[in-house]
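What follows is one structure encoded as C-alpha cells, with my remarks underneath.
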Amino acid sequence: MEKNKIQKVNEPIVYLSGVTSLGVIGDPGCEGLGTYNMKVYAGALEKTSEDDITLIAGDLVPAGNAHYYGEISSLTEVIAHNDIYVLRGNHDTGEYTDYFGRKNYALFADGFSVVVLDNALRTFEQEGLDLLKKVLEMEEVHQVMIAFHIPVPNHFIRNSVSEEEFTRLKEAYAPWKEKVKYLLCGHVHSRFEDVVDDIPLICTGGGGALIEDVSEDIRACDVEHHIVHFYMENGVLKYRFDNLSENGYDGERKNSILKENLEKTVAGELMAHLKYLTFADRARRRGMEKIANLFEALAASEYHHARNFYSVIENPNPFGETVKTFVPGEEFEYQRTYKMMEEYADENGALLTRQAFSGAAAAEKVHAELLKEATDMEKFQKETIYVCPICGYVMAGDYIPERCPVCGGPSSQYEVFQAKEEM
C-alpha cells in the first residue's frame with residue numbers, strides 16, 4: 001500500500017532520518033481553492049520535491065471543513081513527491097487535527113530542527129512554548145528554526161501578533177537564544193526578510209494566494225509566487241527563495257486529449273459569456289433590469305469558468321516579459337487577418353460582416369499601440385481608458401471625442417476604465 005504524502009503528526013517530536021533539506025510553501029489556499037491558485041500550489045509542490053520534506057506554512061484551505069480539507073488533501077497526494085507537514089494557519093480551523101494531527105510539534109532532521117508552533121488565533125499556545133523549551137534545552141540540538149503562521153512584530157507590517165505575545169515567545173527561547181537560527185512565518189501574501197530580536201525573520205506567503213501589496217516598499221508587482229528552500233551547507237542551516245514560474249505545473253497540459261477538450265471548453269464558455277451579455281443588453285434596453293442583472297451574473301460565471309479551464313493549459317511568459325508578446329498578434333489581426341476578411345466580405349456583399357471587421361481592425365491597431373507603450377510597465381501613464389460599447393473602439397489620452405471616430409457612438413455611452421491609485 002502506497003504511503004500517504006501528508007503526514008498526520010501524532011507525537012510531539014518526530015525524528016527524520018536522512019533529512020537535510022526542507023521546502024516551505026506559504027498560504028496556498030486561504031483565498032479559495034480555485035484552479036488558478038491550485039495551479040500555483042501544484043507548481044510549488046513540484047518545486048519543493050527537490051527537498052527531502054515540505055512544510056506548508058499555514059492557510060492550506062479557505063475554511064476548516066471536511067470539503068475543503070478533502071479537496072486540498074486529494075490534490076496534494078496526487079502531486080507531491082515528498083512527505084508533507086502542515087502548520088496551522090488562521091484559516092485552518094474546524095477539523096484541522098482530524099487531517100493533520102498535532103498543532104504543536106517538532107521535526108528533528110540531520111543537523112537542524114524545526115519547532116512548529118500554533119499561533120493561528122494570534123496567541124502562542126502554552127503547550128507549544130513548553131515544547132520549544134524542551135527542544136532547545138536538549139544538548140544534541142544546535143540549530144533550530146521556529147515556524148508559526150502569523151508574523152511577530154517587525155519593521156514591514158503591522159499585521160502581526162502583539163508585542164506581549166512576542167515577549168512570551170522570547171521568554172521561552174531566551175536561555176538558548178543562540179540556538180535559534182531563524183523565525184519563519186506566512187500569513188502575508190508576499191515575502192520579506194527582517195531581523196527581530198537579532199534573529200532573521202523570513203515571511204513567505206507566495207504558494208497560491210494572489211500576491212498583495214504589503215507596503216510602499218514591497219509591492220505586488222515586485223514579488224513573484226515562490227517557495228523557500230532550507231538546506232545544510234558545511235554544517236550550517238541556510239536558505240534561499242525560489243520563484244515559481246506561472247506555468248510551473250504543466251502535467252495536465254501535456255495530455256493532448258485533455259488539452260484539446262479544454263480548449264474546446266474554453267471556447268464554449270466564452271461563447272456562453274458573450275450570449276448572456278448580449279441578452280442582458282437587450283433586456284436592459286427594454287427596461288427589464290432584474291432579467292438583465294441575472295444574465296450579467298450568468299455571463300460573469302461563464303467567464304470565470306472559462307478562465308479556470310484556460311489556466312490549466314495556459315503557458316504564460318514571465319510577468320515582466322508578457323506585455324510585448326501580445327503586440328504581434330494585435331498587429332497581425334489588423335494588418336492581415338481582418339483586412340483580408342473585410343475585403344472578402346465586401347466582395348461577397350456581406351456588408352455587416354465587412355463593417356464588423358473594419359471596426360475591429362481600427363480597435364486592434366489602437367490595442368497594439370497601447371501595448372507597445374505598456375511594454376515598459378513602470379513608465380506607462382495612461383490612467384483612464386475609454387471603450388465604445390457600440391463597436392469596441394479604444395481611446396486613451398487627453399482628448400476624447402464626443403463621438404466614436406469609428407461608429408459615431410456618443411461619449412455618454414463610453415465604458416470608462418479608471419486605474420486605481422497605486423501604493
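Before moving on, here are some points about what is shown:
- From the list Y105, Y68, the lone residue that is touching a Leu at 6+ places or on another chain (Cβ under 9 Å), at pLDDT 95 or above and of a type in the set (S, T, Y) is Y105.
- Number of positions in the stretch 74-108 that are under 22 Å from L129 (Cα atoms) and either in contact with a strand residue (DSSP E or B) (Cβ under 7 Å, 6 or more places away or on another chain) or of a type in the set (D, E) (or both): 12
- For the stretch 104-129, the set of residues classified as among the charged types (D, E, K, R) and within 26 Å of Y231 (Cβ to Cβ) consists of D110, D118, listed by residue number.
- A single member of R158, R88 is of a type in the set (D, E, K, R) and free of Cβ contacts under 8 Å to residues at least 40 places away in the same chain, and it is R158.
- Candidate set: the stretch 195-213, residues that are of a type in the set (D, E, K, R) and at pLDDT below 95; chosen: the one nearest to the chain's Cα centre (by Cα): E212
- Residue match in the stretch 163-172 (condition: in contact (Cβ under 8 Å) with a residue 12 or more places away in the chain and farther than 16 Å from L129 by Cα): no
- All positions within the stretch 214-223 that are in a loop (DSSP other than H, G, I, E, B) and open to solvent by less than 70 Å² (accessible area, probe 1.4 Å): V214, S215, I218, R219, V223
- Residue in the stretch 415-422 that is at pLDDT below 90 and of a type in the set (S, T, N, Q) present: yes
- Some residue of the stretch 126-142 being in a strand (DSSP E or B), within 26 Å of N234 (Cα to Cα) and not polar (S, T, N, Q): no
- Residues located in the stretch 136-148, provided they are under 35 Å from the mean Cα position of the chain (by Cα) and either in contact (Cβ under 8 Å) with a residue 60 or more places away in the chain or open to solvent by 10 Å² or more (accessible area, probe 1.4 Å) (or both): Q143, M145, A147, F148
- Within the stretch 224-258, being outside any strand (DSSP E or B), open to solvent by less than 70 Å² (accessible area, probe 1.4 Å) and either among the charged types (D, E, K, R) or over 18 Å from D27 (Cα atoms) (or both) holds for E224, G235, E246, N247, D250, G251, R253, N255.
- For P151: the one exception among (1) at pLDDT below 95; (2) under 27 Å from the mean Cα position of the chain (by Cα): (1)
- The stretch 312-333 residues that are in contact (Cβ under 8 Å) with a residue 40 or more places away in the chain, paired with ones that are in a helix (DSSP H, G or I) and open to solvent by 80 Å² or more (accessible area, probe 1.4 Å) (beta carbon under 6 Å, 6 or more apart): V327/K372
- Filtering V78, V40, V24, V14 for residues that are touching a residue at least 40 places away in the same chain (Cβ under 8 Å) and more than 18 Å from the chain's Cα centre (by Cα) leaves a single hit, V14.
- Taken over the stretch 395-410, the residue count meeting the criterion of being open to solvent by 40 Å² or more (accessible area, probe 1.4 Å) and touching a residue at least 12 places away in the same chain (Cβ under 8 Å) is 3.
This table checks each residue for (1) at pLDDT below 90; (2) touching a Leu at 6+ places or on another chain (Cβ under 7 Å).
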site: E11; (1), (2): no, no
site: L16; (1), (2): no, yes
site: T20; (1), (2): no, no
site: G26; (1), (2): no, no
site: E31; (1), (2): yes, yes
site: K47; (1), (2): no, yes
site: D51; (1), (2): no, yes
site: L55; (1), (2): no, yes
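- Taking the criterion of being open to solvent by 20 Å² or more (accessible area, probe 1.4 Å) and either acidic (D, E) or in contact (Cβ under 8 Å) with a residue 24 or more places away in the chain (or both), the residues of the stretch 91-107 that qualify are H91, T93, G94, E95, D98, Y99, R102, K103.
The values are calculated or read from the model by the stated rules, or taken from the named source; none is laboratory data. Keep in mind it's a predicted model, so treat the numbers as computed, not measured. Glycine gets a Cβ as well: all are built from the backbone with ideal geometry, and neighbour counts include every protein chain shown. Side chains are part of the model used for accessible areas, which takes the heavy atoms of the whole protein and leaves out ligands, DNA and RNA. Shrake-Rupley method; radii C 1.70, N 1.55, O 1.52, S 1.80 Å.
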